[in-house]
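Some notes on the structure that comes next.
Any read-out appearing in this document is the output of simple, stated calculations on the displayed coordinates, not a laboratory observation. Note that the coordinates shown come from a computational prediction; the quantities given were computed from them, not determined experimentally. Positions of Cβ are backbone-derived with ideal geometry, glycine not excepted, and every protein chain shown enters the neighbour counts.
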Amino acid sequence: MTQEKKLDTARLQAYAQAYGQSAALMSAVELGLFTAISEGAGSIPAIAEALEIHPVNAERLVTMCVALDLIEIQDSGFVNAPDVDRFLVQGSHRYAGDWMLFTKPAWNEWGRLTDHLRATDLRLLPDIAGYTVEQARAYHEATYSIGMGAARRFARQVDLSGRSKLLDLGGGSGAYCIVAADTWPDLRAVVFDLPPVAEVAREFIAENGVSDRVEAIAGDFTADPFPNDADVVVMASNLPMYGPEMIAKVIAKAHDALLPGGEMHLIGETLNDDRRGPVSAAFWGLGQALSETTGMAHSEVDCVGYFETAGFRGVAVQPFVEGVLTRITGFKAA
């Protein structure tokens, strides 16, 4: 006879203490732990010296990072895990440390999540009043590296040869447009984003030497008309910021603005159709409570419905980053 497993609180405690894992990763990035290890600091004394912290604190941090599989122990000493070595060593063009720290400013607000969840007067849209160029620059400097990585992934997955113009809704730093212009020399591209963001996007566009074919137009894609000469529309990584009504409206506007035969790609954190995960999509959906808006996590079937209602044909769902991002694609009738 099989004995029933006795329940305990271990799993629940792990969730309750998970903030410590986030804090360890963020501190390791801020202190330059992974960079120091990549440069040869393979022992506690060497790490403490490189980070300019007490050896006891170096041991504490390293022990936690080893437990989290961020650092490995080898005969030669401590080494970074492969993904850490690829993305969290300063000086690499793949460095994503700024992205790892991206949510840290919201740390205290997550501690007030219960208060935010009790709010009853939810806004339809995030509050962008007073959003400055300096804030936009700080935001997109943090997201630029990972945005370029996503844009390169998109270029590997989607063939835009033969297309004439790409419109990126809420395009931020312009990563998708920059990579598209580099990949397909005959393609022009437009970043359509808020005025402060468009100003910052022009800096990234110029830095990458594609100002002759990529432009940034100031506008609010939730309210303003879209340019109507594009045959490709991309909307990436801002899906949970909006509720169903707004996402459906934006996708319908994109359909109407596209040239006949054009295509749209929505790339976002989506729930599975049964709404049982993944955690990433649920996290970003719950995070909208901090801004007290109607933004939420959308499922793949929800997004397919938005596309089909707008009139898109051949709607398909493709994994973009497994367990994190999905790409939904639809085509406008020729």
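Where Lys and Arg each count +1 and Asp and Glu each count -1, what net charge lies around GLY268 among other residues with Cβ under 13 Å from its Cβ?
Every neighbour counted, the sum reads -2.
Just report the Cα centroid separation between segment 16-36 and segment 83-98, whole Å.
If we compute the Cα centre of each part, the gap is 14 Å.
Across the chain, how many lysine pairs, 8 or more apart or on two chains, come within less than 22 Å at their alpha-carbon atoms?
Counting lysine pairs in the chain gives 5.
When the Kirkwood radius is taken over all Cα pairs of segment 198-255, what Stokes-Einstein diffusion coefficient follows at 4 °C and 1.567 mPa s, in µm²/s?
Using the Kirkwood radius from Cα pairs, D works out to 98 µm²/s.
Within 10 Å of each candidate Cβ there may be at most 11 other Cβ atoms; applying that plus a DSSP loop requirement, which GluC sites (Glu not before Pro) in segment 287-327 survive?
Qualifying residues, ordered by number: GLU322.
Counting every Cα pair in segment 10-90, what percent are over 19 Å apart?
Value for segment 10-90: 31 percent of Cα pairs lie more than 19 Å apart.
Run through all the Cα pairs of segment 110-331 and give the fraction in each 10 Å bin from 0, expressed as whole percent.
The distribution over segment 110-331 is 8, 34, 39, 17, 2, 0, given as percents.
Which whole-number percent is the relative contact order of the chain (Cα, under 8 Å, 6+ apart)?
With pairs under 8 Å counted, the relative contact order is 12 percent.
Can you check what the net charge comes to around ASP121, using other residues whose Cβ is under 15 Å from the Cβ of ASP121 (Lys, Arg +1; Asp, Glu -1)?
Summing Lys and Arg as +1 and Asp and Glu as -1 gives -1.
Could you list the GluC sites (Glu not before Pro) in segment 9-111 that lie in coil according to DSSP, counting only those with at most 12 other Cβ atoms within 10 Å of their Cβ?
Loop-located and lightly packed - GLU52.
Lys and Arg at +1, Asp and Glu at -1: add these up for the other residues within a Cβ distance under 13 Å of GLU199 and post the number.
Every neighbour counted, the sum reads -2.
State the volume of the convex hull built on the alpha-carbon positions of segment 58-103, expressed per residue in Å³ and rounded to an integer.
In segment 58-103, the Cα hull volume divided by residue count equals 97 Å³.
Counting each DSSP H run of 4 or more residues in the chain as -39500 (n - 2.57), what helix-only mean residue ellipticity at 222 nm follows after dividing by all residues, to the nearest 500 deg cm²/dmol?
Calculated at 222 nm, the ellipticity per residue is -13000 deg cm²/dmol.
Which residue, chosen from ILE53, LEU70, LEU125, occupies the Cα position most advanced towards the positive end of the dipole of the chain, where the dipole is computed from +1 (Lys, Arg) and -1 (Asp, Glu) charges on Cβ about the Cα centre?
My answer, from the dipole projection, is LEU125.
Return the inverse of the average 1/r over all pairs of distinct C-alpha atoms in segment 78-175, which is the Kirkwood hydrodynamic radius, in Å to one decimal.
Radius from the Kirkwood sum: 16.9 Å.
About its Cα centre, how strong a charge dipole does the chain have in debye, to the nearest 20, once Lys and Arg get +1 and Asp and Glu get -1 at the Cβ?
620
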